[in-house]
Amino acid sequence: MIILASQSPRRKELLARILKGKPFLAIRSDFDERTIREKDCAKLVLLEAKGKAKDLSTKRKGDFVIGADTMVVFKGEQLGKPKDKSEAIMMLEALQAHEHTVLTGYVIAKDGEILKEDIVSSVVYIEPMDDRVIWKYVYTGSPLDKAGGYGIQDADYIHAELREGYMENVMGLPIREIERDLRELKAL
């Protein structure tokens with residue numbers, strides 16, 4: 001069985017694309033990301049993905065567990081999920097009319113052992129936004145559970161240009177690399 005260490009609707013949808021009808025479970029990991037103290041953004045997303053995958057894979061013997069973590073990096077600073085609406089507004093105001101990097105670290109583990117790991121990077125440009133649009137978007141609630149305070153798929157509000165990488169990575173799961181790794185592991 002393949003287990004996704006996440007309850008994210010976007011990650012579930014993306015993993016379903018890879019598995020093409022094959023059943024999988026999506027289970028939230030008990031790993032506490034706040035225990036990690038790492039300043040380097042790439043190392044941090046990978047450590048958080050490892051924590052989630054290892055935690056769940058020790059409890060789900062024989063299963064392949066996928067852990068992932070996504071972060072927006074803007075001017076060298078980490079932008080995770082906003083704590084509240086005002087922080088989401090601040091993030092969107094800062095990101096608009098600029099490029100930023102989206103990093104997703106992922107890990108595939110089995111029985112507590114890391115089998116595959118990688119960090120995938122994409123570059124996104126968000127077009128300038130009117131203050132009314134930012135407020136309207138934030139008050140939908142959608143930005144509150146997304147790194148950087150936005151979802152690239154929320155095209156009614158966010159007009160973004162993908163300058164490097166690919167959309168699924170920005171949405172939180174680098175499906176090309178994960179599919180390749182699952183095939184190499186004979187999990188598909």
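Could you size up the charge dipole of the chain around its Cα centre, putting +1 on the beta carbon of Lys and Arg and -1 on that of Asp and Glu, and report it in debye to the nearest 20? Present the calculation step by step, with values, prior to reporting the outcome.
On the way: 31 positive and 32 negative charges, 167 e Å.
It works out to roughly 800 debye.
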- Pick from M129, M91, M71: which residue has the top mean-square fluctuation in a GNM of the chain where Cα pairs under 10 Å get a spring? M129
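At a threshold of 8 angstrom on Cα-Cα distance, excluding pairs fewer than six apart, so keeping six or more, what relative contact order does the chain reach in percent?
Numbers: 390 pairs, mean separation 42.1, N = 188.
Normalised by residue count, the contact order of the chain is 22 percent.
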- Given springs between every Cα pair under 10 Å in a Gaussian network model of the chain, which of T101, T70, T58 has the largest fluctuation? T58
- Message: Filter K20/K116; K39/K146; K20/K110; K116/K146; K20/K83; K85/K116 down to the pairs with a C-alpha to C-alpha distance above 27 Å, please.
- Response: K20/K83; K85/K116
- Loop-only check: which chymotrypsin sites (Phe, Trp or Tyr not before Pro) in the range 67-149 are DSSP coil with at most 15 other Cβ within 10 angstrom? Y139
- How high is the relative contact order of the range 78-188, in percent, with contacts defined as C-alpha pairs under 8 Å that are six or more residues apart? 32
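Quick check: with the 1.4 Å probe, what order do K81, K39 take by accessible area, largest first? Intermediate values should be presented prior to the final figure.
On the way: K81 135, K39 185 Å².
Ranked from most to least accessible, the order is K39, K81.
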- Relative contact order of the range 1-70 (C-alpha contacts under 8 Å, at least 6 apart) in percent is 41
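Could you check what % of the DSSP bridge pairs in the chain are antiparallel, to the nearest 5? It would help to have the intermediate numbers written out before the result.
On the way: 30 of 37 bridges.
Around 80 percent of the beta bridges assigned by DSSP in the chain are antiparallel ones.
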- Measuring with a 1.4 Å probe in the full set of protein chains, what accessible area per residue, in whole Å², belongs to the chain? 50
- Note on the structure: Charge dipole of the chain built from unit charges on the beta carbon (Lys, Arg +1; Asp, Glu -1), centred at mean Cα; most positive-end Cα among V72, G165, L4 is L4
- Accessible area, 1.4 Å probe, largest first: how do T140, T104 sort? T140, T104
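Using a 1.4 Å probe on the protein chains only, how many percent of the accessible area of the range 1-152 belongs to carbon and sulfur?
Values: 3750 of 7410 Å².
In the range 1-152, the share of accessible area belonging to carbon and sulfur is 51 percent.
The values are calculated or read from the model by the stated rules, or taken from the named source; none is laboratory data. Treat the numbers as computed from the prediction; the structure is a model and nothing was measured. Counting neighbours? That spans all protein chains shown, and the Cβs are built from the backbone with ideal geometry, glycine included. To get the accessible areas, we keep the full protein, side chains included, count just its heavy atoms, and leave off ligands, DNA and RNA. Shrake-Rupley method; radii C 1.70, N 1.55, O 1.52, S 1.80 Å.
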